[in-house]
1. Please give the number of the condition A:L190 fails out of (1) over 24 Å from A:V72 (Cβ atoms); (2) surrounded by 15 or more Cβ atoms within 10 Å (Cβ to Cβ); (3) away from chain B (no Cβ under 14 Å).
2. I need the full set of residues from the stretch B:87-100 which are more than 8 Å from chain A (Cβ to nearest Cβ) and either touching a residue at least 24 places away in the same chain (Cβ under 8 Å) or at positive phi (or both), in order please.
3. Quickly run through the stretch B:192-241 and pick out the residues that are buried (at least 16 other Cβ atoms within 10 Å of the Cβ), over 25 Å from B:N56 (Cα atoms), of a type outside the set (A, V, I, L, M) and in contact with a strand residue (DSSP E or B) (Cβ under 7 Å, 6 or more places away or on another chain).
4. Kindly check whether there is at least one residue in the stretch A:13-24 that is surrounded by fewer than 17 Cβ atoms within 10 Å (Cβ to Cβ) and among the basic types (K, R).
5. Filter the stretch A:197-233 for residues that are within 14 Å of chain B (Cβ to nearest Cβ), of a type in the set (D, E) and either under 18 Å from the mean Cα position of the chain (by Cα) or not in a helix (DSSP H, G or I) (or both) and give the result.
6. Would it be correct to say that B:I49 is more than 12 Å from every other protein chain (Cβ to nearest Cβ) and either aromatic (F, W, Y) or surrounded by 13 or more Cβ atoms within 10 Å (Cβ to Cβ) (or both)?
7. Can you tell me how many residues in the stretch B:73-86 are facing another protein chain (nearest Cβ under 7 Å) and either touching a residue at least 12 places away in the same chain (Cβ under 8 Å) or more than 19 Å from A:D81 (Cα to Cα) (or both)?
Amino acid sequence: MEYFDFEFSHMKKMLLPLGLTTGGLQLLFLYFFAIVGRFDTEDGSSMLTHYNAVLALATIGTMCVLAIYGTVLAGRYLVHDYVGMNKSKTYLLPISRKALFYTKTKAFTASLSLAMAVGLLVSNLTFMTTDVIVPLTKDQSFTHILNIIVSTIVCICLTLTVVLFSSFIGIKLDSAVKGITASIIFVVFLSNLAAIALMSYELVSLLIAVALIVIATMVCISMGNEIDKSEAL
Amino acid sequence: MTRLKINHVTKSIGNRNILRIGNLRFGNNGIYGLVGPNGAGKTTLLKCICGLLVTNTGDISIDNLVLSRDTRTDFLKKIGSVFAQSDSLFNLSIKELLDEHYFFFGLTAPQKWSPILENVGLNVSENQMIGNLSLGMRQRLLLAVAISHKPEILILDEPFNGLDPDGVVLTKNLIKQHSQDKIVIITSHSFADLNDIITDAVVIADGQTSCIKSITKINEEFSDGLMGFYHSFINCTVSLN
């Protein structure tokens, strides 16, 4: 816990910019899709006039940007210590390499999740409240709390999955830049699937997101074992 | 008394044999100069001692503690080191680097870092970014960090790189002070810098080491001192590959 507190204290400085970026982006996407929906009269299903569709698209939009931004931050706070000559400095610390890697990953994950949760909840609740006062969607009400909670969890899980997998690729390929490239590729593949899933099958998308986090955790454990055996050339 | 032992260590990277050390014992406190041409395996050997590289065969021990993955943490607590500077330092402030070092080595951080910095002749703010320091200033800072936990073995890879003449003198004095009750292993290409500081020397060439000789014996045996010892050994080594 002592090590976690130390690492978390170093990562604290990314909480505010990350939280503000999350909140700002989510609000921007929510209003963008809601306003587009009001003017969209050609679509027979009028998809964007429904609160859930607007919420799903905005959440996935935010997830896409944050997955890449998060990977950039992971490059600075996590991957950086495990690539090139920087490995020597990290490996010379008198602590189990595996334990240190897990602690850094946990602290980074906690920081990212915390900032995103606050940013998403505040912006979603703000939009829901203003949507009741000045209606932009057809089915505005205060009963969308459950949708907000589910979409927030899905968004955090998907973002973390992309960020962690990209970071692990960066460490494996010995380059933070390659990790960022990987995150862009992941986002391109994941965004459409996630948007469709979140709009149509909320519970399924929640289960998939949680399953992805479990897989990311397993990969993280294997990565820790690899770091423990690796060398700093 | 701390004793660093290197027993029958070999190291290869890919298909290339890098090290084949028979037996080295750093028994007495003092300053050991590890000299050799470029690519001889100096840094590889030092990295093996620090556990940064894993040896293929043989073992490295400090007293009765044999280096392995399980003992690496305890081993590293006994070692202070300065290797080539990595850019991971550049985004840190001096305070952040010292905070991290003191935290992981379980030391109590002082109220102010300035006395530690002044000890190595650094009159800079602790909040200054390391990336903004000159090469020589960074080298002094790394030395301050390396000796802060009073390690039993101090490993310095090219510590005089980038230092101005005052910096060289100061670093030598610090190394001398530290070596009074500890082992210091130092590499440098400048024999002039090593000659007036080391107590013993070992030559490494093509991954093989000579025996450890005291500087007094070297001066007795070779008319040109350390240079003679160096040349006599590298002329008789055969490549490992």
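1. Looking at each condition in turn, A:L190 falls short on (1).
2. B:F90, B:L92, B:S93, B:I94, B:K95, B:L97, B:L98
3. If the condition is that a residue be buried (at least 16 other Cβ atoms within 10 Å of the Cβ), over 25 Å from B:N56 (Cα atoms), of a type outside the set (A, V, I, L, M) and in contact with a strand residue (DSSP E or B) (Cβ under 7 Å, 6 or more places away or on another chain), then B:T199, B:D200, B:K213, B:F229, B:Y230 are the ones that fit.
4. Yes, the conditions are met somewhere in the stretch A:13-24.
5. A:E231
6. no
7. Residues meeting the conditions: 5.
Conditions tested, residue by residue: (1) surrounded by 21 or more Cβ atoms within 10 Å (Cβ to Cβ); (2) modelled with pLDDT of 95 or more.
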position: A:D43; (1), (2): no, no
position: A:S46; (1), (2): no, no
position: A:Y51; (1), (2): yes, no
position: A:V54; (1), (2): yes, no
position: A:I60; (1), (2): yes, no
position: A:G70; (1), (2): yes, yes
position: A:D81; (1), (2): no, no
position: A:A107; (1), (2): yes, yes
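The values are calculated or read from the model by the stated rules, or taken from the named source; none is laboratory data. Since the model is a prediction, treat every value here as computed from it, not as a measurement. Cβ sites come from the backbone with ideal geometry, for glycine too, and all protein chains shown count toward neighbours.
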